[in-house]
Amino acid sequence: METVILAVVIAVVVLGALGGLVVGSRRKKPLPPPPTSVPDITAPPAEPHVGDEAETPRDEARRTIEEVDLPDGSAPVAVEEPPVLDVPVLDVPEPTAGRLVRLRSRLSRSQNALGKGLLTLLSREHLDEDTWEEIEDILLTADVGVAPTQELVDGLRARVKVLGTRTPQELRTLLREELLKLVGTDVDRTVKTEPEDRKPGIVMVVGVNGTGKTTTTGKLARVLVADGRSVVLGAADTFRAAAADQLQTWGERVGAHTVRGPEAGDPASVAFDAVKEGKEMGVDVVLIDTAGRLHTKTGLMDELGKVKRVVEKHAPLDEVLLVLDATTGQNGLVQARVFAEVVDITGIVLTKLDGTAKGGIVIAVQRELGVPVKLIGLGEGADDLAPFDAEAFVDALIGD
């Protein structure tokens with residue numbers, strides 16, 4: 001047993017000695033020789049520093065400090081630009097004097113069939129009963145109305161019988177005189193806007209839907225501005241969408257102030273406020289645009305009467321203008337009757353008289369209501385609303 005232990009100890013000692021020899025031999029190996037020369041390393045170009053010249057400085061003439069203008073030390077004065085105001089450019093309405101004369105050719109193109117037809121029949125050598133019936137038919141077709149037609153035919157018959165021989169010029173003069181009797185030359189057609197005892201004048205515009213009532217109110221404002229009047233517009237048509245916007249646009253074009261209320265609001269309240277503001281501003285005229293009433297709606301017509309009563313708490317109305325579409329002919333007379341029962345109509349505005357309208361409606365509506373036609377619309381232009389002139393109108397009907 002001892003022999004075995006001794007053998008193991010000897011083996012461990014021998015292995016340890018051998019390991020030490022191996023490690024020692026590795027440590028004694030020489031290192032590789034150092035390089036014979038140091039390699040050249042190219043340094044990156046240095047970045048220029050503040051103040052370095054990019055190139056070789058050149059000799060230049062330089063100013064001395066005495067030659068340099070130095071600031072005096074005072075702070076610069078800031079000059080403020082005046083604000084640019086966006087001032088709207090106002091339209092310059094055409095003067096009302098002579099408007100109907102200027103528009104006469106337009107009127108005659110669509111209306112002189114009446115005059116030419118009558119002159120053709122009256123120039124026949126023999127005027128028998130059939131001819132007179134044809135004359136009556138032409139007048140009735142032109143919406144003159146039954147009673148005025150009979151009156152005109154009777155007058156023509158009597159004068160033709162007395163005249164005897166008839167030249168074309170004599171016939172034209174004869175027809176012109178008889179038509180002027182029916183239209184009326186001695187009627188006051190002035191739109192009353194200048195009351196003697198107060199300001200402003202108050203004008204209310206009424207009519208059914210689709211007659212061009214709001215447009216007519218705007219055009220009437222242009223007529224008044226062209227005559228040198230100041231105007232306030234009352235947008236009392238609170239039932240039709242965008243009616244107030246439309247009227248305000250018309251007013252802005254000529255510098256007229258527009259008073260408006262909420263949509264579907266009380267129109268009488270808007271009318272009242274318009275007159276109140278007109279008084280405070282000292283304007284000449286207040287124009288009140290009312291809703292386009294259906295003449296068959298009793299409640300709406302009653303409300304129109306309310307607007308009139310409320311406005312008259314400020315002052316009496318100077319004008320109540322009824323706007324009629326001339327193309328509706330005799331149907332327009334039915335509307336006119338109902339409006340005349342609700343408010344006291346003082347004047348008539350005939351619109352769309354340049355189209356298919358019959359000129360005789362001027363005679364018929366005056367005879368029906370007993371009030372004069374004061375304004376007529378002869379087109380879509382902003383200045384195509386003209387004061388009615390009986391002589392210019394009849395001349396356009398019968399032609400030159």
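The values are calculated or read from the model by the stated rules, or taken from the named source; none is laboratory data. Since the structure is predicted, the reported quantities are computational estimates derived from the model, not experimental observations. Methodologically, a virtual Cβ is constructed for each residue, glycine included, from the backbone with ideal geometry; neighbour enumeration extends over all protein chains shown. Surface accessibility is based on the protein's heavy atoms, side chains included, excluding ligands, DNA and RNA. Shrake-Rupley method; radii C 1.70, N 1.55, O 1.52, S 1.80 Å.
Remarks
- For the range 164-262, the Kirkwood radius over C-alpha pairs fed into Stokes-Einstein at 10 °C and 1.306 mPa s yields D = 96 µm² per second.
- Annotation for LYS306 and ASP130: the two label points, set 7 Å from Cα along the Cα-Cβ direction, are 6.1 nm apart.
- Contact order, relative form, for the range 246-400: 15 percent (alpha carbon pairs under 8 Å, 6 or more residues apart, mean separation divided by residue count).
- Gyration tensor (alpha-carbon) shape descriptor, the range 345-400, a/c threshold 1.5: oblate
- What the range 173-240 shows is 37 Å² of accessible area per residue, with the surface traced by a 1.4 Å probe over protein heavy atoms.
- Placing dummy labels 7 Å off each Cα toward the beta-carbon, the span from GLU252 to ALA97 is 3.3 nm.
- Under 5 Å from the amide H of THR258 lie the amide H atoms of LEU233, each residue being 5 or more positions distant or on a separate chain, with H modelled from the backbone and absent for Pro and chain starts.
- Under the Karplus curve 6.51 cos²θ - 1.76 cosθ + 1.60, θ = phi - 60°, whole-Hz ³J(HN,Hα) for the range 359-368, x wherever Gly or Pro sits: x, x, 5, 4, 5, 5, 6, 5, 5, 6
- The fraction of accessible area contributed by carbon and sulfur in the range 98-247 is 51 percent, rounded to a whole number (1.4 Å probe; ligands and nucleic acids excluded).
- Rounded FRET efficiency, nearest 0.05, which uses the C-beta distance separating GLU196 from ARG166 and R0 of 45 Å: 0.35
- Bins of 5 Å, starting at 0 and running to the largest distance - Cα pair percent for the range 265-400: 2, 9, 18, 19, 18, 16, 10, 6, 2, 1, 0
- Two-site label geometry, GLU177 and SER123: point separation in nm, points 7 Å out along Cα→Cβ: 2.0 nm
- Accessible area expressed per residue, the range 303-400, with surrounding protein chains retained (probe 1.4 Å, Å²): 34 Å²
- Among the listed pairs LYS219/LYS308; LYS279/LYS352; LYS306/LYS358; LYS199/LYS374; LYS306/LYS374, a Cα-Cα separation exceeding 29 Å is found for LYS279/LYS352; LYS306/LYS358.
- The peptide list 275-284, 218-227, put in order of mean Cβ contacts within 10 Å with the highest first, becomes 218-227, 275-284.
- Surface composition of the range 335-400: carbon and sulfur atoms hold 43% of the protein heavy-atom accessible area at a 1.4 Å probe.
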